[in-house]
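Structure record follows, encoded as structure tokens.
What follows draws every value from the coordinates through simple rules; no lab data is involved. Just so we're clear, the structure is a prediction, and the values are computed from it rather than from any experiment. Cβ atoms come from the backbone with ideal geometry, glycine included; neighbour counts cover every protein chain shown.
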Amino acid sequence: MTKYIEIAEDLTQAILQRKYGHKLPKEAELAKQYQTSRVVISKALKLLTMKNLVRVVPGSGIYLKNKNTRMPQLSNLHDGFYHSMAGKGKIQSHVISFDIRLPEPEEAEKLKLKESDQVYDIIRQRLINGQPEKLEYTIMPVKVIPGLTKEILHDSIYSYIQEKLGLKIGKANRVITADKVDAYDIEYLNCQPGDAVLSVHQLAYLKDGRPFELSETRDRYDKSGYILFEVEN
């Protein structure tokens, strides 16, 4: 993940957990804290501004918009792809790959795992009426979501988590960016070289606070869009 996106995610968590008062440290202090340049910090702050979390006042500081601000939600996290696309046609999931392996250091850190804890590594193509809609890269901890099979992946993972495992899904942190297509996008989303895709990086949590999903969803630029809802206390 790009450095400024990682910093934006970390600052978002700090803001939501009330680790700051009414303003963030200065850009120079943040650059020193994250061992990066002020240019990278500036990009991260632009993401926080887009989320309506902060307001940058030149010469004054970086102020929190509202101490009760929550991250904008893209859609109802509890629904998952199957429910959110209900009524739009025949929904299918094509499992491109499904493996169990040890986590990469960054994955272990974000999912709060030990180096010896196993994770599912899943790539799925999601289709509606036979037409490719999304390409999903998903990492999940085996110990948190036990019993996943390829058969379940052809259906709804979120339904399995909530209905079979009896777990409640909580919040998710998401970052949306534009990206150039890669070989998988061309093959599984029918993109053309030079096209763009909408990339949504997500870190999702259960209600009990345990992270259970680290994912990236890639959408064709001409087939997808998101509505942002501001949630106020």
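Using only side-chain charges placed at the Cβ, +1 for Lys and Arg and -1 for Asp and Glu, the dipole size of the stretch 102-228 relative to its Cα centre rounds to 560 debye. Couplings for the stretch 129-140, taken from phi via the Karplus curve 6.51 cos²θ - 1.76 cosθ + 1.60 with θ = phi - 60°, read 6, x, 9, x, 10, 9, 10, 10, 10, 10, 10, 9 Hz in order; Gly and Pro are left as x.
Based on every Cα atom in the stretch 80-220, Rg and the maximum pairwise Cα distance Dmax equal 15.1, 44 Å.
Across the options 166, 146, 214, the greatest Cα extent toward the positive end of the charge dipole of the stretch 102-233 (unit charges at beta carbon of Lys, Arg, Asp, Glu) belongs to 166. Straightening the chain between residue 115 and residue 178 buys 19.5 nm, computed as 0.36 nm per residue apart minus the Cα-Cα spacing. Look at where the Cα atoms of the stretch 93-113 and of the stretch 41-64 average out, and the two centres are 32 Å apart. Any idea what % of Cα-Cα pairs in the stretch 3-64 are farther than 17 Å? When every Cα pair of the stretch 3-64 is considered, 28 percent fall beyond 17 Å. Ordering 181, 113, 157 by Cα displacement along the dipole of the stretch 80-220 toward the positive end leaves 157 in first place; charges were set at the Cβ atoms of Lys, Arg (+1) and Asp, Glu (-1). Near residue 31: Cβ cut-off under 12 Å, other residues only, Lys/Arg at +1 and Asp/Glu at -1. The net charge is +3.
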